[in-house]
Amino acid sequence: MQDIKEAASEFLAKKRVAVTGVSRNGKGHGSNSVYRRLRERGYEVFAINPNAEEVEGDRSYADLKSIPDGVEAVVIGTRPEIAEDTMRECAELGVKHVWMHRGPGSGSVSAAATDYGRQHGITVIDGGCPLMFGPTADFGHKVMRLVYRGHVPKQV
């Protein structure tokens, strides 16, 4: 098992990242916050929303396989019951780094998705938020990392 900081560092070293669950109405949606921050920090990000053609002023994709040239990593920001399907798609496409977002509340974490991903050689971070670590972190998210310890896995 990997330490969360090491896994987060590996994840954030990937520069082509898809974010699922990015909403057309971005206010208050964690996926939108993650999407915007990654874009601001120079990542090549791809919004996944099968019900929208555009989000955050960018093209939206219906699914991961629709992204030209694929991605290196995926942030799952949808409901947990959708996470397993996304994880299966990641395995099919050879994506080896997946982060299931979780802030306060249940977030996007699914035990079945975590198990499936790990059984298929994917490094799965099942909780917390990419904005709590490395080049994407801000002061508020660093504090959240300490406050929401139960939502951030120690190892992955």
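What to note about this one:
- Gyration tensor verdict on the chain (Cα atoms; rounded if a/c is under 1.5, prolate if a/b is larger than b/c, oblate otherwise): rounded
- Full extension of the chain between V143 and E10 yields a length gain of 45.7 nm, computed as 0.36 nm times the residue separation minus the alpha carbon distance.
- Straightening the chain between D85 and D69 buys 3.7 nm, computed as 0.36 nm per residue apart minus the Cα-Cα spacing.
- Based on protein heavy atoms only, the chain ends up with 49 Å² per residue of surface accessible to a 1.4 Å probe.
- Estimated from helical segments only, the mean residue ellipticity of the chain at 222 nm is -10000 deg cm²/dmol, where each DSSP H run of four or more residues counts as -39500 (n - 2.57).
- Charge sum, other residues only, whose C-beta stays under 12 Å from V45's C-beta, Lys/Arg counted +1 and Asp/Glu -1: +3
- For segment 76-83, 3J(HN,Hα) per residue [Karplus equation, 6.51 cos²θ - 1.76 cosθ + 1.60, θ = phi - 60°, Hz, x = Gly/Pro]: 8, x, 9, 4, x, 5, 9, 4
- For segment 58-97: rounded, prolate or oblate by the Cα gyration tensor [a/c cutoff 1.5]: oblate
- Considered as an equivalent ellipsoid built on the Cα gyration tensor, segment 28-109 has semi-axes of 17, 17, 13 Å, the largest given first.
- Here the accessible area is traced with a 1.4 Å probe on the protein chains. For segment 1-143, carbon and sulfur cover 46 percent of it.
- Gyration tensor verdict on segment 11-76 (Cα atoms; rounded if a/c is under 1.5, prolate if a/b is larger than b/c, oblate otherwise): oblate
The values are calculated or read from the model by the stated rules, or taken from the named source; none is laboratory data. Please read all numbers here as calculations on a predicted model, not as lab measurements. Counting neighbours? That spans all protein chains shown, and the Cβs are built from the backbone with ideal geometry, glycine included. Note: accessible area is taken over every heavy atom of the protein model, side chains too, but ligands, DNA and RNA are not part of it. Shrake-Rupley method; radii C 1.70, N 1.55, O 1.52, S 1.80 Å.
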